[in-house]
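Here it is: the structure, laid out below.
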Amino acid sequence: MKTTLDIPDSLFRLAKATAAQEGRSLKSLVEEALQDKLAADHAGEPEAAWMKGFGGMAHRRRENRRIQKQVDAEFGQIEAEDLA
């Protein structure tokens, strides 16, 4: 989903520079930061018993982020190839 956000200039510049240093898009940096914030806010919620057999919620979130980073990296390579 697309949306519009007002971000202070200094925060935007820092985020853009951080994303560039990490070799990734601003979008992926913002997505990860938002996911981390929401995960931390919900960390105190009780975990369903069945989730413990799958390594728990924290493991699942880490694994989802790891997979998403790989997908973003692959799509970044494809996009760069398309520009050539």
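The values are calculated or read from the model by the stated rules, or taken from the named source; none is laboratory data. Just so it is clear, the model here is predicted, and its values are computed rather than measured. With ideal geometry, Cβ positions are generated from the backbone for all residues, glycine too; neighbour counts draw on all protein chains shown.
Could we say that Ala48 is within 23 Å of Ala73 (Cβ to Cβ) and either at pLDDT 90 or above or aliphatic (A, V, I, L, M) (or both) here?
Here the answer is no, as Ala48 does not meet what is asked.
A follow-up question, please. Given the criteria at pLDDT 75 or above and charged (D, E, K, R), does Asp41 qualify?
Here the answer is no, as Asp41 does not meet what is asked.
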